[in-house]
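**Q** Starting off with a structure, shown below.
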Amino acid sequence: MSRVATSFSVELPHWLPTFISSSPTHFSSAEERVRLAVELAKHNVVNGTGGPFGAAIFELDSGKLVGVGVNRVVPGNCSIAHAEMMAFATTQNALQTFDLGSSNLPNHQLATSAAMCAMCLGATVWSGVKSVLISARKEDVESLTGFDEGPVHPTWAEQLVGRGIAVTQDVIRDEGRKVLQLYSEGNGVVYNGRSA
Ligand SMILES: [Zn+2]
């Protein structure tokens with residue numbers, strides 16, 4: 001083995017293939033799309049396979065589910081393995097593209113169980129998605145779990161819109177909050193806080 005690592009991989013959890021095989025192939029409404037992301041987050045908590053966050057990527061118009069992610073920071077020994085990052089990476093790998101906004105592809109939409117952190121906001125811009133749907137808010141994450149969302153700019157939503165990415169917040173927000181609460185009640189690990 002080399003002294004310095006030259007590759008890495010982070011696996012999604014063992015329960016995910018079964019979960020996906022029993023879910024619909026298409027999700028028509030914003031609520032249905034976000035509910036899938038929230039359900040992924042909940043399964044991750046209940047199975048003890050990572051932090052309380054889930055994400056899914058859909059074709060914007062058809063509602064076809066094209067990729068999913070859940071938080072894998074602790075089990076994967078990887079600080080960047082947030083749900084949204086995993087969803088972008090697995091979807092781009094599946095579609096064999098580095099840009100989900102390519103002109104030869106249908107438009108794509110991210111649905112996430114909680115507002116993106118500082119890192120995932122950047123990744124959202126680079127991913128090529130044209131739309132994001134969000135359940136719980138940043139303040140829900142921070143007040144209910146103690147996780148640090150990082151240096152998120154107050155005008156983040158306007159900045160995404162300015163880059164052609166539509167933003168819809170508070171989609172079934174209470175359901176997203178419940179998963180955060182569930183994790184907190186189970187004394188889930190809160191890692192990597194670097195609050196100023
Ligand atoms: Zn993140």
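The values are calculated or read from the model by the stated rules, or taken from the named source; none is laboratory data. Treat the numbers as computed from the prediction; the structure is a model and nothing was measured. Note: ideal-geometry Cβ built from the backbone for every residue, glycine included; neighbour counts use all protein chains shown. Remember, those area values only see protein heavy atoms, side chains included, never the ligands or the DNA or RNA. Shrake-Rupley method; radii C 1.70, N 1.55, O 1.52, S 1.80 Å.
**Q** Within the group 46, 66, which residue is open to solvent by less than 40 Å² (accessible area, probe 1.4 Å) and β-branched (Val, Ile, Thr)?
**A** On inspection, the qualifying residue turns out to be 66.
**Q** A further question follows. What pairs come out if I take residues in region 145-158 that are over 16 Å from residue 134 (Cβ atoms) and pair them with residues that are part of a loop (DSSP other than H, G, I, E, B) and away from the ligand (no atom under 15 Å from the Cβ) whose C-beta lies under 6 Å away, six or more apart or interchain?
**A** Within 6 Å, the pairs are 148/195.
**Q** Let me ask another. Just give me the residues in region 100-113 being of a type in the set (S, T, N, Q) and not in a loop (DSSP other than H, G, I, E, B), in sequence order.
**A** Within region 100-113, 109, 112, 113 meet the criteria.
**Q** A further question follows. In region 21-42, which residues are assigned to a helix (DSSP H, G or I), of a type in the set (Val, Ile, Thr) and either over 18 Å from residue 88 (Cβ atoms) or modelled with pLDDT under 95 (or both)?
**A** Hit for region 21-42 is 38, nothing else.
**Q** Another one. Checking the conditions here, which among 90, 124, 97 is open to solvent by 10 Å² or more (accessible area, probe 1.4 Å), out of contact with any Lys or Arg (no Cβ under 8 Å at 6 or more places or on another chain), assigned to a helix (DSSP H, G or I) and modelled with pLDDT of 95 or more?
**A** Result of the check over 90, 124, 97: 90.
**Q** Does region 15-22 contain any residue that is within 16 Å of the ligand (Cβ to nearest atom), open to solvent by 50 Å² or more (accessible area, probe 1.4 Å) and not β-branched (Val, Ile, Thr)?
**A** Scanning region 15-22, I find no residue that is within 16 Å of the ligand (Cβ to nearest atom), open to solvent by 50 Å² or more (accessible area, probe 1.4 Å) and not β-branched (Val, Ile, Thr), so the answer is no.
**Q** Scan region 127-168 for residues that are in a loop (DSSP other than H, G, I, E, B) and either away from the ligand (no atom under 16 Å from the Cβ) or over 20 Å from residue 38 (Cα atoms) (or both) and report the count.
**A** Result for region 127-168: 11.
**Q** Here is a further query. Which of the residues belonging to region 156-165 are out of contact with any helix residue (DSSP H, G or I) (no Cβ under 6 Å at 6 or more places or on another chain) and open to solvent by less than 50 Å² (accessible area, probe 1.4 Å)?
**A** Those that are out of contact with any helix residue (DSSP H, G or I) (no Cβ under 6 Å at 6 or more places or on another chain) and open to solvent by less than 50 Å² (accessible area, probe 1.4 Å): 157, 160, 164, 165.
**Q** Oh, and also: Scanning region 169-179 for residues that are within 16 Å of the chain's Cα centre (by Cα) and either of a type in the set (Asp, Glu) or not in a helix (DSSP H, G or I) (or both), which turns out nearest to residue 45 (Cα to Cα)? Show your work before the answer.
**A** We begin by selecting, within region 169-179, every residue within 16 Å of the chain's Cα centre (by Cα); these are 169-173, 175-177, 179.
Restricting the remaining residues to those that are either of a type in the set (Asp, Glu) or not in a helix (DSSP H, G or I) (or both) gives 169-172, 175.
Details: 169: 23, 170: 21, 171: 20, 172: 18, 175: 14 Å.
This residue is 175.
**Q** Would you pick out the residues in region 166-196 that are open to solvent by less than 50 Å² (accessible area, probe 1.4 Å) and on the phi > 0 side of the Ramachandran plot?
**A** If the condition is that a residue be open to solvent by less than 50 Å² (accessible area, probe 1.4 Å) and on the phi > 0 side of the Ramachandran plot, then 172 is the only one that fits.
**Q** OK, next. When you scan region 71-81, do you find a residue that is among the β-branched types (Val, Ile, Thr) and more than 12 Å from the chain's Cα centre (by Cα), even just one?
**A** Our first condition is that a residue be among the β-branched types (Val, Ile, Thr); within region 71-81, this holds for 73-74, 80.
Next cut, more than 12 Å from the chain's Cα centre (by Cα) only: 73-74.
Yes: one or more hits.
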